[in-house]
Amino acid sequence: MLSSSQFAIKQISDAALFSNVGVRDAEEVAVSSWWEAMQHATSNDLLLIRALPFVTRLNSVLESDLSRIDACSRFHDEIKAIVASIVARQCGRAEIESEHREPLVRIVAEDMSRYAFEIHTQDIQPLGFYSDLFRWYTLGHFPCGWEGDFPSGKHIVY
C-alpha cells in the first residue's frame, strides 16, 4: 500500500498538467491567455484565498494532535520540493511563455503540495479546497482565479 506522500506524488506525476488550457469548460469561468491567467493567479486576493484553507487545516492539526505539527511541516516542505521538479518538467513540455514559467511552477507546486498535505491529514479534516484544485489540474486546466465571495464563488480556469 502506498503512503499518503507516495500516493500524492504518483497522482501528481500522472496528471496531464496544462493539456487543456484555453479549452472552454461550461462549468467554470474561463480566461483566454496565459497573460490573463497569470494576472488572476498572482493577485493578492487569490493568494489569500489559496492560503486560507491551508491555514485552517494547520489549525485543525494543531487542535487535534499537536505532536503531528512538526512531522506535517516537514512533510509539506519535502513534498513541495519533489512536486516543484515534477511541475517544472511538465511546464517545459507545455507551450508556456518563458516569463510565466517560474511563477507558474511556484503557484502550481504550492497547490500540489497543499493537495498532498490535504491527503496526508484527511484523518483530521476531510479533503476539500486543494482536492478541487487538483481536479482542475488533472483535467488539464490551470485554476488561476476565483469569482465571487469565497468559498461560495467559483474557480476561474485557463
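The values are calculated or read from the model by the stated rules, or taken from the named source; none is laboratory data. This one's a predicted model, so the numbers in the text were calculated from it and none came from an experiment. A quick note on method: Cβ atoms are made from the backbone with ideal geometry, for glycine too, and the neighbour counts reach across all protein chains shown.
Inside region 1-18, can you point out the residues that are under 18 Å from the mean Cα position of the chain (by Cα) and small (Gly, Ala, Ser)? Explain how you work it out, then say what you get.
Taking region 1-18 and keeping what is under 18 Å from the mean Cα position of the chain (by Cα), we get 4-18.
Across region 1-18, the qualifying residues are Ser4, Ser5, Ala8, Ser13, Ala15, Ala16.
Being at pLDDT 90 or above, out of contact with any Asp or Glu (no Cβ under 9 Å at 6 or more places or on another chain) and on the phi < 0 side of the Ramachandran plot narrows it down to one residue among Asp77, Asp45, Asp25; which is it?
Values: Asp77 fails: at pLDDT 90 or above; Asp25 fails: at pLDDT 90 or above.
Result: Asp45 is the single residue among Asp77, Asp45, Asp25 that is at pLDDT 90 or above, out of contact with any Asp or Glu (no Cβ under 9 Å at 6 or more places or on another chain) and on the phi < 0 side of the Ramachandran plot.
Out of region 66-99, which residues are of a type outside the set (A, V, I, L, M), closer than 24 Å to Glu36 by Cα and surrounded by 14 or more Cβ atoms within 10 Å (Cβ to Cβ)?
Gln90, Cys91
Suppose we filter region 110-158 for residues that are part of a strand (DSSP E or B) and surrounded by fewer than 19 Cβ atoms within 10 Å (Cβ to Cβ); how many remain? So that I can check it myself, show each step before the final result.
If we filter region 110-158 for residues that are part of a strand (DSSP E or B), which is where we start, we get 143-147, 154-157.
Keeping just the survivors that are surrounded by fewer than 19 Cβ atoms within 10 Å (Cβ to Cβ) gives 147, 154.
Residues flagged as part of a strand (DSSP E or B) and surrounded by fewer than 19 Cβ atoms within 10 Å (Cβ to Cβ) within region 110-158 amount to 2.
For (1) aromatic (Phe, Trp, Tyr); (2) touching a Gly at 6+ places or on another chain (Cβ under 9 Å), each residue gets a yes or a no:
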position	(1), (2)
Ser5	no, no
Ser43	no, yes
Leu46	no, yes
Phe54	yes, no
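Can you pull out every residue in region 136-158 that is of a type in the set (Val, Ile, Thr) and either over 10 Å from Ala30 (Cα atoms) or without any contact (Cβ under 8 Å) to a residue 24 or more places away in the chain (or both)? Outline the logic, then answer.
Of region 136-158, the ones of a type in the set (Val, Ile, Thr) are 138, 156-157.
Thr138 - this is the single residue of region 136-158 that is of a type in the set (Val, Ile, Thr) and either over 10 Å from Ala30 (Cα atoms) or without any contact (Cβ under 8 Å) to a residue 24 or more places away in the chain (or both).
Here is a yes/no grid of residues against (1) surrounded by fewer than 16 Cβ atoms within 10 Å (Cβ to Cβ); (2) under 16 Å from the mean Cα position of the chain (by Cα):
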{"position": "Asn20", "(1), (2)": "no, no"}
{"position": "Glu36", "(1), (2)": "yes, no"}
{"position": "Leu46", "(1), (2)": "no, yes"}
{"position": "Ile49", "(1), (2)": "no, yes"}
{"position": "Ser64", "(1), (2)": "yes, no"}
